[in-house]
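To keep things clear, I will list the structure first and then write my remarks on it.
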Amino acid sequence: MSKDKKMPSIFTMAKNFAKDLSTYIKEGAPNVSNKIYMERLEACNKCPNLNKKHMRCTLCGCLIEHKAKWKTTTCPDKPSRWAPVYKDLKTPKSERSRRAKQANKILKDAANKGVWDPQNPETVNPLLKKMGYKSEVKFSDCDDCGEKGNKKEKDKGKDKV
Ligand code: SF4
């Protein structure tokens, strides 16, 4: 049933992804633990708002593999189907502002040059590296459950900055 759920427009998906990405960068690209990641993926897998064919949330259009991994993201459903962890972050305002300026400049330059494609999350990796972050956005090899990709994440261990 969820396979037929309609996705938001490309514009809305790109806008939501850019917003999530900007917040993620401002906070220093923090990821949740593997335990929370698996809990989030499990909640998404059971959720009627998931488009299983594309593994995207139909409320925001984000790829859940990335959305679930980033500490700064939240489930857009009301009520939320994930326990929020974003409120625990305590990056000073001045540092958030510095990172926001840096991220906005780099993302704007990259978008103008066609280096960053908001529809292809992996294209953000060279930009994160340029900003000094160790975290990487990766696609899963299994578009049904993300199992192989998740195993890779487990094997790799924590990749928090
Ligand atoms: S992010 Fe929330 S609403 Fe979207 S698929 Fe996952 S659990 Fe469902």
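The values are calculated or read from the model by the stated rules, or taken from the named source; none is laboratory data. Predicted model, so just to flag it, every value in this text is computed and none were measured. Cβ: placed from backbone, ideal geometry, glycine included. Neighbour counts: every protein chain shown.
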Of all residues in the range 25-52, count the ones that are over 23 Å from PRO79 (Cβ atoms) and surrounded by 17 or more Cβ atoms within 10 Å (Cβ to Cβ).
7
Please tell me if ALA29 is small (Gly, Ala, Ser), under 24 Å from LYS5 (Cβ atoms) and at pLDDT 75 or above.
no
